[in-house]
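So the structure is just underneath, and the comments pick up after that.
The values are calculated or read from the model by the stated rules, or taken from the named source; none is laboratory data. No experiment lies behind these values; they were computed from the predicted model shown. Virtual Cβ from ideal backbone geometry, glycine too; neighbours counted across all protein chains shown. Ligands, DNA and RNA are excluded from the accessible area calculation, which covers all protein heavy atoms including side chains. Shrake-Rupley method; radii C 1.70, N 1.55, O 1.52, S 1.80 Å.
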Amino acid sequence: MERSAEVNQLVLPHIARMEGYVPGEQPQGGTFIKLNTNENPYPPSPRVKRALIEAIDDRLRFYPDPAARAFRETAAALHGVEPDMILAGNGSDDALTILTRAFVGEGELAAYPSPSYLLYSTLISLQNGRAHVVPFTPDWRLNTDEIIRPGLKLVYLANPNSPSGTTIPPDEVAELAERLPCPLIVDEAYGDFAARTCITLPKTHPNVIVTRTFSKGYGLAGIRLGYLVADPRIVAELNKVKDSYNCDALSLVAGKAALEDQAYLNETRSKILATRARLTSALRELGYQVPDSHANFVWATGGMPAVETFQQLKQQNIFVRLMRYPDHAPGLRISVGDDAEIDGFLEALRKLS
Ligand SMILES: *Cc1c(COP(=O)(O)O)cnc(C)c1O
């Protein structure tokens with residue numbers, strides 16, 4: 001090939017046309033208040049560190065268990081489902097990728113409500129599928145009739161939703177699943193912060209697939225582990241799609257130890273929920289509209305102009321997430337940090353107003 005050839009044009013045309021998903025900024029070094037990617041402000045359970053240290057030895061020369069059995073048994077026992085209903089992923093994004101590859105073919109239709117997690121659109125584009133984007137109602141409820149379309153192959157529902165932090169009650173999720181001609185992914189990345197969950201819904205509604213992550217509630221975004229709960233027949237198919245060793249040995253050990261320390265999860269969650277309540281009222285007092293959040297972040301719109309506020313905070317090394325969605329004014333999604341971080345953020349914000 002000629003050296004000057006446009007090698008980037010060798011990729012599939014639908015990939016060349018894509019923008020690609022842009023994750024939140026991960027500033028390196030220095031001191032900053034980082035409230036932009038919904039990481040947990042608290043460290044993982046001390047049991048996780050102990051389990052990891054114990055696992056770092058000569059056994060690392062072996063491949064991990066491709067079926068992640070020990071991890072799946074622990075997750076299954078916790079949720080009251082069978083281990084064959086669980087599939088582990090390299091983060092829940094990997095679970096979402098596996099699901100999209102399994103269900104959405106070229107030119108096929110997949111739906112998601114908007115504004116929501118922007119990765120769904122990227123995953124559909126990677127398959128050269130077609131996205132059916134259905135706006136939430138102004139009070140963040142589902143337009144169920146609008147979601148249902150003939151030929152639909154997959155529906156994604158982030159519940160709690162990002163960026164709004166709002167939830168759809170499990171009975172409404174079940175009703176949507178009953179009416180759909182295809183699988184429904186209930187993305188519970190923030191499920192650890194919500195009062196209600198759909199985690200056992202796949203037992204009665206075999207087209208429901210629930211995804212979970214260790215990145216938010218368990219404070220383990222750095223290890224990359226997630227899982228899904230689905231009907232065993234779906235899990236058996238997904239096993240053909242996933243990479244054989246999609247989860248490394250250390251992640252599986254860390255995830256198992258994290259699940260085994262529910263007391264620690266409850267403790268850190270209560271601190272986050274208390275800070276979330278304080279952050280919500282403070283923002284409302286400053287004139288922002290903030291829906292009641294069921295996650296570890298809040299969505300603030302309608303106060304000071306979002307773009308300028310975002311930039312001015314960033315100059316002070318305070319990172320929040322500026323989110324833009326079609327037909328919506330830009331807004332700020334602010335992760336619930338610890339009390340000192342939220343105080344620092346609020347103080348900087350008040351000085352801007
Ligand atoms: C953070 C997040 C994920 C991804 O979680 P990972 O396990 O870190 O890949 C999935 N869905 C939503 C809605 C999220 O916010």
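With the alpha-carbon atoms as the only input, what is the per residue convex hull volume for the chain in Å³?
Numbers: hull volume 59.6 nm³, N = 353.
It is 169 Å³ per residue.
Computed from backbone phi with θ = phi - 60° and the Karplus coefficients 6.51, -1.76 and 1.60, the 3J(HN,Hα) list for the range 92-107 is 6, 4, 5, 4, 5, 5, 4, 5, 5, 5, 6, 10, 10, x, 4, x Hz; x is used for glycine and proline. The distance separating the Cα centre of the range 215-244 from that of the range 38-89 comes to 11 Å.
With a 10 Å cut-off between alpha carbons and a GNM built on the chain, which of Thr268, Thr74, Thr31 moves the most? Between Thr268, Thr74, Thr31, it is Thr31 that shows the largest mean-square fluctuation. At a probe radius of 1.4 angstrom, the accessible area of the range 46-261 per residue rounds to 42 square angstrom.
How large a share of the accessible area of the range 46-261, in percent, is made up of carbon and sulfur atoms when the probe is 1.4 Å and the other protein chains stay in place?
Heavy-atom surface of the range 46-261 belonging to carbon and sulfur, 1.4 Å probe: 51 percent.
If you run the Gaussian network model on the chain, springs between alpha carbon atoms under 10 Å, then out of Pro183, Pro64, Pro138 the most flexible one is Pro138. In terms of distances greater than 29 angstrom between alpha carbons, the cross-link table entries Lys153/Lys240; Lys49/Lys351; Lys153/Lys256 yield Lys49/Lys351; Lys153/Lys256. Each Cα pair of the range 116-224 feeds into the Kirkwood radius, which the Stokes-Einstein equation turns, at 25 °C and 0.890 mPa s, into a diffusion coefficient of 168 µm²/s. Using the Karplus relation 6.51 cos²θ - 1.76 cosθ + 1.60 with θ = phi - 60°, the per-residue 3J(HN,Hα) values for the range 298-304 come to 10, 10, 10, 10, x, x, 5 Hz, with x marking Gly and Pro. Electrostatic bookkeeping for Ala300 treats Lys and Arg as +1 and Asp and Glu as -1; over the other residues with beta carbon under 11 Å from its beta carbon, the sum is +3. Applying 1/(1 + (r/R0)^6) with R0 = 56 Å to the Cβ-Cβ distance of Leu273 and Val7 gives a FRET efficiency near 0.65.
Cα gyration tensor of the range 56-102, axes a ≥ b ≥ c as square roots of the eigenvalues: rounded (a/c below 1.5), prolate (a/b > b/c) or oblate? It comes out oblate by the Cα gyration axes. Taking a ≥ b ≥ c as the square roots of the eigenvalues of the Cα gyration tensor, the range 291-353 is classed as oblate, since a/c reaches at least 1.5 and a/b does not exceed b/c. The range 288-322 and the range 133-202 have Cα centres spaced 25 Å apart.
Derived scalar couplings between HN and Hα for the range 36-42 equal 10, 10, 6, 5, 7, x, 9 Hz in order, rounded to whole Hz, by the Karplus curve 6.51 cos²θ - 1.76 cosθ + 1.60 (θ = phi - 60°), x for Gly and Pro.
Checking every one of the trypsin sites (Lys or Arg not before Pro) in the range 133-215 against DSSP loop status and a limit of 13 other Cβ atoms within 10 Å picks out Arg141. Scanning residues 5 or more positions from Leu154 or on other chains, those with amide H under 5 Å from its amide H are Ala111, with H placed 1.01 Å from N in the peptide plane. The candidates Phe62, Phe310, arranged from most to least accessible area with a 1.4 Å probe in the full protein assembly, appear as Phe62, Phe310.
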